[in-house]
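The values are calculated or read from the model by the stated rules, or taken from the named source; none is laboratory data. Treat the numbers as computed from the prediction; the structure is a model and nothing was measured. Note: ideal-geometry Cβ built from the backbone for every residue, glycine included; neighbour counts use all protein chains shown. Note: accessible area is taken over every heavy atom of the protein model, side chains too, but ligands, DNA and RNA are not part of it. Shrake-Rupley method; radii C 1.70, N 1.55, O 1.52, S 1.80 Å.
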Amino acid sequence: MTAFKAILIHHLRAMLREKVALCMLLLLAGLLMLLPSSLRDDGSLDGALRLQTQYSMGLATVLVAFMTLWCSASAISADVANKRLQHILSLPLRRSILWLGRWTAVILLSSTLLFISAGVTLFRIHRSVQRYSSQKEAATLLRARHLLFPEARDYDQLAKEFIEIERLKGSVPDEVSDESLMQDALAMAQAQSTSVRGGDSLDWNFQLERPLRGILHIEATFDRSGISARQLPGSWQILDERGQERWASEEQVSGSGQVFIPVDPIPADLTQFTLRYRNLSPDPAQVLFFQPGNGVRLVQPAGSFTWNLLRATLLLCGLLALLAALGMSAGALFSLPVACYVTAMLLLLELASGTLERAVSEGSTLVGDAPNQWVERLDQLTIGTYKLLLPILQPLNIGNPLAQVAEGIWISNRLLWGSLFLRFTPLFCLLALIGILLFSRREVASQS
Amino acid sequence: MSDPILSTEDLGKTFRDFWRRPRARAVDSLSLSLEPGEVYGLLGPNGSGKSTSIKLILGLLHPDKGRIRVFGKSPRDVKVKHRIGYLPEESNLYPYLDARESLRFTAALFGIDPEEREWRITQLLEMVGLSHTGRRRIGEFSKGMARRIGLAQALINDPDLVILDEPTSGLDPLGTRQVKDIIRSLAERGKTVLLSSHLLADVEDVCDRICILYGGIVRAEGPIRELLQVANHLQLQLEDLDPEKRNQLLNLLEDMLGKRPQLEPSRKDLETFFLEVVAKAREDSGEASGTRKEGELAEFLV
């Protein structure tokens with residue numbers, strides 16, 4: 001423990017006195033203090049909040065990530081290059097302690113900087129509240145929410161059923177290709193599943209992990225056909241598994257936009273239910289279109305903006321811890337430039353993991369047809385490589401927590417603790433084990 | 001006879017390239033044995049395998065063949081390292097630390113408790129003449145000053161085995177003299193010293209036994225007195241001999257030997273002369289910048 005503490009304190013001191021790390025610290029301070037002053041928001045609290053969270057805090061995170069990369073990759077490799085490691089390893093010190101002590105120092109510094117950045121961001125947001133908004137608006141915006149989404153609809157199945165019906169009716173022309181027919185049918189299925197005519201209703205099914213608590217809102221984003229100042233009457237219902245109504249409310253909408261409908265009291269025992277919207281207009285031409293994807297969702301207040309930002313910061317610290325582990329292991333085996341390159345590659349792959357995941361699920365990186373068979377083969381090779389990388393990258397894909405915070409979406413326990421303990425910890429253990437094992441076997445003095 | 005502090009048997013090390021092809025044979029069939037209280041010198045020209053042998057002994061390199069035992073254990077054993085003090089060939093210390101911080105770090109790794117640690121650091125800084133450097137960072141030190149800090153680090157744990165790789169490199173003659181005095185004092189206290197150097201005068205002054213390496217192979221090994229003895233060659237030293245007696249002595253020797261021997265006045269070596277001049281200058285002008293007059297051997301080492 002004494003050796004671990006000595007290595008930890010020594011490396012913290014080393015990083016704070018190193019010129020590169022010092023430059024990055026100054027840049028970070030400048031970024032946090034000057035960038036928000038030089039950027040103009042749209043004059044609303046929402047705009048200021050997004051600017052502070054996504055841009056200032058986002059850039060601070062990138063800077064801290066680069067500092068983590070440098071400090072971890074150089075933690076051992078710089079000592080090898082300067083022949084200092086020979087002396088350190090002649091002292092009574094296990095190499096695993098050296099690795100772990102220095103990793104802890106790197107991650108302590110990075111986490112501290114990230115939390116300081118979060119603190120500065122919060123301070124600036126609270127100043128924006130005083131400048132821009134009413135207390136009521138601030139209370140709404142500075143509150144993070146759980147978002148509950150309905151089950152995804154199987155548009156393929158709906159499209160197939162639609163084609164079947166149209167074929168039975170004999171309304172499908174022979175010259176239309178199957179592919180084009182499917183495309184049209186998919187568009188139709190999507191339109192039908194997100195629109196409701198006057199007199200009709202539309203259902204969304206919800207499957208929840210646990211019963212709902214607290215105040216609940218239905219958040220609906222919609223558009224309506226035609227230009228009309230008239231209010232469109234409609235009703236919302238929550239139906240249980242047996243189809244029994246558990247809650248109902250009437251709502252008038254006009255134009256396009258977003259409505260928040262409080263559900264009070266919440267049916268406390270429900271984990272499976274259907275949300276139904278009925279268009280009460282007698283005119284079938286009065287159609288209401290819900291935004292595809294997230295047109296209807298349930299919103300549940302979860303916690304304060306401050307807590308949410310801190311949770312996102314903790315999540316990012318977990319990612320930095322992994323980056324530091326890779327940097328340390330790479331630095332223990334390779335020279336500083338190679339270690340930096342390897343670690344930077346992981347950082348880039350992590351940033352691109354969402355894109356890679358999409359490419360693999362879509363089966364191609366190409367938009368449209370491949371110009372020739374060689375391009376197609378290359379595309380297949382790329383996808384094959386992505387598939388190999390995906391098991392490593394998937395655990396790293398945590399989306400964009402800062403964007404989530406800016407939108408007021410609560411960083412769920414599942415995302416936070418699940419990522420930290422179930423995804424990052426095993427990966428960290430693996431990286432640390434490989435790094436320490438190979439470092440322990442490494443000769444640290446070359447031919448002089 | 002007691003167990004050797006350090007022993008190597010048929011030790012070999014070949015450096016290889018990326019494809020594992022042999023590039024240079026650094027050490028070949030090295031067998032050594034160091035007894036307690038002995039000062040052992042590893043001699044050889046550049047690239048003869050001295051530093052490689054030391055790195056093998058410290059477990060920093062893995063031997064291709066042979067066996068190393070330090071205090072009867074593997075050199076990679078952490079417990080063994082508690083009893084070793086090592087001064088590397090180049091004192092690449094952390095440039096952003098001051099002397100005290102640097103020594104504190106080393107002492108902490110040896111698990112020396114803070115109170116004892118501070119006492120030892122004060123003693124050692126006095127000993128190597130750097131107690132006045134205060135908060136000056138090591139990066140600002142001259143090579144000789146850094147070397148002195150390196151020596152202090154090597155002694156902070158009061159080691160039983162001290163391994164010194166080119167300890168006098170970069171030191172002025174005063175520092176060199178002091179290092180040699182320290183080595184002798186350690187040996188008198190029963191500590192074992194392994195010294196690597198290509199400065200023959202240094203080795204001759206302090207070592208009990210030496211080993212001369214060339215191309216990684218031991219070319220000569222044994223007690224220094226025996227190795228340097230010239231057969232059938234005697235030396236006579238006389239003091240305060242007046243010219244008349246000198247002539248009588250020469251005539252006598254000429255009668256006995258059949259030829260007239262040559263008489264030459266004795267000479268000081270340059271080191272002794274230099275030390276005398278500097279000692280006088282110190283008395284006249286006081287301390288110069290850089291290192292101060294070195295103190296006595298640290299109390300905990302006595």
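Table for the structure above
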| read-out | value |
| --- | --- |
| Tally, over the stretch A:53-96, of residues that are farther than 13 Å from A:LEU114 by Cβ and within 22 Å of the chain's Cα centre (by Cα) | 4 |
| Residue in the stretch B:105-151 that is farthest from B:PRO95 (Cα to Cα), counting only those that are of a type in the set (Gly, Ala, Ser) and within 13 Å of another protein chain (Cβ to nearest Cβ) | B:GLY111 |
| First in the stretch A:342-355 and closer than 15 Å to A:LYS387 by Cβ, second anywhere and assigned to a helix (DSSP H, G or I) and at pLDDT below 85, Cβ under 6 Å, 6 or more apart | A:LEU349/A:LEU393; A:SER353/A:LEU393; A:SER353/A:LEU396 |
| Matching entry among A:ILE383, A:ILE436 (being surrounded by 17 or more Cβ atoms within 10 Å (Cβ to Cβ), over 22 Å from the mean Cα position of the chain (by Cα) and without any contact (Cβ under 8 Å) to a residue 40 or more places away in the chain) | A:ILE383 |
| Qualifying residue in the stretch B:186-199 (condition: assigned to a helix (DSSP H, G or I), of a type in the set (Ser, Thr, Tyr) and either open to solvent by less than 20 Å² (accessible area, probe 1.4 Å) or in contact (Cβ under 8 Å) with a residue 60 or more places away in the chain (or both)) | no |
| Residue check, A:LEU430 at pLDDT 80 or above and touching a Gly at 6+ places or on another chain (Cβ under 6 Å) | no |
| Count of residues meeting criterion [in contact (Cβ under 8 Å) with a residue 12 or more places away in the chain and loosely packed, with under 13 Cβ neighbours inside 10 Å] in the stretch A:209-229 | 8 |
| A:ARG94 vs. criteria among the basic types (Lys, Arg), in contact (Cβ under 8 Å) with a residue 12 or more places away in the chain and open to solvent by 40 Å² or more (accessible area, probe 1.4 Å) | yes |
| From the options A:ALA81, A:ALA29, A:ALA75, residue that is within 14 Å of chain B (Cβ to nearest Cβ), open to solvent by 40 Å² or more (accessible area, probe 1.4 Å) and under 22 Å from A:HIS11 (Cα atoms) | A:ALA81 |
| Top-ranked residue of the stretch B:28-52 - restricted to ones that are at pLDDT 90 or above and of a type in the set (A, V, I, L, M), ranked as farthest from B:TYR86 (Cα to Cα) | B:LEU30 |
| Meets criteria (more than 14 Å from chain B (Cβ to nearest Cβ), over 24 Å from A:THR343 (Cβ atoms), out of contact with any Asp or Glu (no Cβ under 7 Å at 6 or more places or on another chain) and open to solvent by 70 Å² or more (accessible area, probe 1.4 Å)) for A:SER128 | no |
| Single residue of the stretch B:204-227 satisfying the filter (open to solvent by 10 Å² or more (accessible area, probe 1.4 Å) and of a type in the set (Gly, Ala, Ser)) that is farthest from B:VAL39 (Cα to Cα) | B:GLY215 |
| Scan of the stretch B:154-170 for residues that are over 12 Å from the mean Cα position of the chain (by Cα) and open to solvent by 10 Å² or more (accessible area, probe 1.4 Å), ordered by number | B:ASN157, B:ASP158, B:ASP160, B:GLY170 |
| In the stretch B:252-266, the residues that are among the acidic types (Asp, Glu) and open to solvent by 100 Å² or more (accessible area, probe 1.4 Å) | B:ASP255, B:GLU264 |
| Condition check for A:ILE88: closer than 23 Å to B:GLY139 by Cα and either among the acidic types (Asp, Glu) or more than 13 Å from chain B (Cβ to nearest Cβ) (or both) | no |
| Subset of the stretch B:287-302 that is at pLDDT 65 or above and part of a loop (DSSP other than H, G, I, E, B) - its residue that is most open to solvent (accessible area, probe 1.4 Å) | B:GLU296 |
| Matching entry among A:LEU202, A:LEU147 (being under 17 Å from A:GLY293 (Cβ atoms), part of a strand (DSSP E or B) and not assigned by TED's automatic domain parsing to the domain that holds A:GLN231) | A:LEU147 |
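This table checks each residue for (1) more than 21 Å from A:LEU333 (Cβ to Cβ); (2) part of a helix (DSSP H, G or I); (3) of a type in the set (Gly, Ala, Ser); (4) more than 14 Å from every other protein chain (Cβ to nearest Cβ).
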| residue | (1), (2), (3), (4) |
| --- | --- |
| A:MET24 | yes, yes, no, yes |
| A:LEU34 | yes, yes, no, yes |
| A:GLY43 | yes, no, yes, yes |
| A:ASP46 | yes, yes, no, yes |
| A:VAL62 | yes, yes, no, yes |
| A:THR68 | no, yes, no, yes |
